[in-house]
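Asker: Please see the structure below; I have some questions.
The values are calculated or read from the model by the stated rules, or taken from the named source; none is laboratory data. Keep in mind that this is a model prediction, so the values were computed, not measured. Don't worry about glycine lacking a Cβ; one is built from the backbone with ideal geometry, like all the others, and counts go over all protein chains shown.
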Amino acid sequence: MARDPQSLRCIRLFRRLSDEEIRRLDAQCLWRRYEAKQQIVGHGEPGTDVYFVASGMLRALISTDGVRDVILGDIGGGEFFGELAAIDSQPRSASVVALTSATLARMSSVLFRAVVQEHVDVCGQLLALLAARVRALDKRVSELATLDVRHRLFAELLRISRPDGMAPGRALVSPPPYHAEIAARISARREAVTRELGALESAGLVERRRGALVLTNIPALVALFQDPRRRPV
């Protein structure tokens, strides 16, 4: 039997809550359906509510100059966002837009903080998530400060790929991202990403397949990433 899409039972943060506790929280949330490309919150806007993704895929980003975007990451079903504003009451740190149609629950910051304080498991998960985000941010800042575009691209391809179960040593990026999207993830220009991907293709380290980008030799790509002096050959 399929789960009701308008329920927080699918949210990992609430995995230890009882069915009755989930029902009470469901009733205190505002539920809304968003369509693809629709903005849910805007960077710098006021607001302290927390949003929980029951279904769909969203993207967090920052527009740097009104033209170029910096993609911070994607948010899928079972995840949430807005917790920073709920904690510190500051304006939104990023915009969030729907990539697909999505069903979201909107919870007040007062209720969110009460749930975190009442349930040890929820509090522990939230602390672990915030720590993981700080570590990921530290890593991204280090990459921006120490790596050129080529090696930032290597790092991002390794980060967003998943192992190819049919071929050891290979990985897939599916669906294949647009060059402009990769550029927004690594703070580079699209032309530079196109050039470096072309070099990887010429070296046989990347192949284009319908519906996926194939990383054909993960050990070789890792070696390139670990040695900034090397280039694809």
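Asker: Within the stretch 65-78, restricting attention to residues that are more than 26 Å from residue 110 (Cα to Cα) and buried (at least 18 other Cβ atoms within 10 Å of the Cβ), which residue is modelled with the lowest pLDDT?
Answerer: 69
Asker: When you scan the stretch 151-232 for helices (runs of 4 or more DSSP H) that lie fully inside it, which ones turn up with 3 or more residues that are farther than 23 Å from residue 60 by Cα? I'd like the intermediate steps shown before the answer.
Answerer: Values: elements: 179-186, 190-202, 218-226.
Fully inside the stretch 151-232 and qualifying: 190-202, 218-226.
Asker: Another one. Does the stretch 2-25 hold any residues that are within 17 Å of residue 81 (Cα to Cα), surrounded by 15 or more Cβ atoms within 10 Å (Cβ to Cβ) and of a type outside the set (S, T, N, Q), and which are they?
Answerer: 8, 9, 10, 11, 13, 14, 25
Asker: Moving on to the next point. Only one of 190, 152 is basic (Lys, Arg), out of contact with any strand residue (DSSP E or B) (no Cβ under 7 Å at 6 or more places or on another chain) and closer than 17 Å to residue 73 by Cβ. Can you tell me which?
Answerer: On the way: 190 fails: closer than 17 Å to residue 73 by Cβ.
Exactly one residue qualifies, and that residue is 152.
Asker: Next up: Does the stretch 136-179 hold any residues that are farther than 13 Å from residue 197 by Cα, modelled with pLDDT of 90 or more, crowded, with 16+ Cβ neighbours inside 10 Å and charged (D, E, K, R), and which are they?
Answerer: Selection gives 170 alone.
Asker: Taking the stretch 84-100 as the search range and keeping residues that are crowded, with 18+ Cβ neighbours inside 10 Å and of a type outside the set (A, V, I, L, M), which one is farthest from the chain's Cα centre (by Cα)?
Answerer: For the stretch 84-100, the residue satisfying everything is 92.
Asker: Filter the stretch 32-64 down to residues that are of a type outside the set (Asp, Glu) and either surrounded by 18 or more Cβ atoms within 10 Å (Cβ to Cβ) or under 17 Å from residue 86 (Cβ atoms) (or both), then give me how many there are. Working first, answer last.
Answerer: Just the residues of the stretch 32-64 that are of a type outside the set (Asp, Glu), to begin with: 32-34, 36-44, 46-48, 50-64.
Cutting the leftovers down to either surrounded by 18 or more Cβ atoms within 10 Å (Cβ to Cβ) or under 17 Å from residue 86 (Cβ atoms) (or both) gives us 34, 40-44, 46-48, 50-54, 56, 58-61.
Residues in the stretch 32-64 being of a type outside the set (Asp, Glu) and either surrounded by 18 or more Cβ atoms within 10 Å (Cβ to Cβ) or under 17 Å from residue 86 (Cβ atoms) (or both): 19 in total.
Asker: Here's a follow-up. Restricting the search to the stretch 101-129, which residues are surrounded by 13 or more Cβ atoms within 10 Å (Cβ to Cβ), assigned to a helix (DSSP H, G or I), under 21 Å from the mean Cα position of the chain (by Cα) and aliphatic (A, V, I, L, M)?
Answerer: Matches in the stretch 101-129: 122, 126, 129.
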